[in-house]
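The values are calculated or read from the model by the stated rules, or taken from the named source; none is laboratory data. Everything numeric here is computed off the predicted structure, so don't read it as measured data. Cβ coordinates were reconstructed from backbone atoms using ideal geometry, including for glycine residues, and neighbour counts include every protein chain displayed.
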Amino acid sequence: MLLDEILQYNQEFVEEKKYEGFATNKFPNKRMVILTCMDTRLTELLPKALNIGNGDVKLVKNAGALVSHPFGSIMRSILVAVYQLQADEIFVIGHHDCGMSGMKAEDMIDSMKERGINEETLEMLTYSGIDVTKWLQGFHNVSDSVRHSVDMIRKHPLIAKDIPVHGLVINPETGKLDLVASGYEK
Ligand SMILES: [Zn+2]
């Protein structure tokens, strides 16, 4: 049971004061916010490859490092980082071999059906105006996807024009970064 394992470890962690090396505050030392993917390979690799430690940056994650809606929770998190938490630069970091790359909504819908989501539910959503297939669709090219998210942020009506927004793609094996868009060149 994962929960039991985690709670047991956590008790030791706190009792043995293993938290002491992580003391910091809510403001990022490097005054930046990163939007990246939830991919498991990046959990430790990305911070190490960028020389980021606890307390250094605001980190926002989702599947694919996507800004898919201008007024969704990802964009709100970025705005909070900028206006409340002193992040002065924004980094969008996608990665090669992303699960969202080439992901077909139809395959995921098939998995849902196998797990008991019935056809009527999906039809009901369609009649309600929700295009589930479009909503679940992945992207074809990670660089294009990063560029698109960078544009969404740059052109957002609530983002100040002087905030650099950068786009990068990271290799999930080597940690190598490729620059897709520099926020210093307008
Ligand atoms: Zn990914």
Residue identified as on the phi < 0 side of the Ramachandran plot, surrounded by 11 or more Cβ atoms within 10 Å (Cβ to Cβ) and assigned to a helix (DSSP H, G or I) among 130, 109
109
Considering every residue within segment 112-122, establish whether at least one is in contact with a helix residue (DSSP H, G or I) (Cβ under 7 Å, 6 or more places away or on another chain) and touching a residue at least 60 places away in the same chain (Cβ under 8 Å).
no
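Yes or no: residue 150 touching a Gly at 6+ places or on another chain (Cβ under 9 Å), within 16 Å of the ligand (Cβ to nearest atom) and at pLDDT 95 or above?
Working: touching a Gly at 6+ places or on another chain (Cβ under 9 Å): yes; within 16 Å of the ligand (Cβ to nearest atom): no; at pLDDT 95 or above: yes.
Against the criterion (touching a Gly at 6+ places or on another chain (Cβ under 9 Å), within 16 Å of the ligand (Cβ to nearest atom) and at pLDDT 95 or above), residue 150 does not qualify.
Hey, any hits in segment 74-88 for a residue that's of a type in the set (Asp, Glu), modelled with pLDDT of 95 or more and within 16 Å of the ligand (Cβ to nearest atom)? Explain how you work it out, then say what you get.
Step one: list which residues in segment 74-88 are of a type in the set (Asp, Glu), which gives 88.
Imposing the further condition that a residue be modelled with pLDDT of 95 or more reduces the set to 88.
Add one more test, that the residue is within 16 Å of the ligand (Cβ to nearest atom), and what stays is none.
For segment 74-88, residues of a type in the set (Asp, Glu), modelled with pLDDT of 95 or more and within 16 Å of the ligand (Cβ to nearest atom): absent.
Every residue in segment 168-186 that is at pLDDT below 95 and of a type in the set (Asp, Glu), please.
Hit for segment 168-186 is 185, nothing else.
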Kindly indicate whether residue 185 is touching a Lys or Arg at 6+ places or on another chain (Cβ under 8 Å) and either among the acidic types (Asp, Glu) or farther than 19 Å from residue 38 by Cα (or both).
no
Residues of segment 75-100 that turn out to be in contact with a Phe, Trp or Tyr (Cβ under 8 Å, 6 or more places away or on another chain), on the phi < 0 side of the Ramachandran plot and surrounded by fewer than 17 Cβ atoms within 10 Å (Cβ to Cβ), as a count:
1
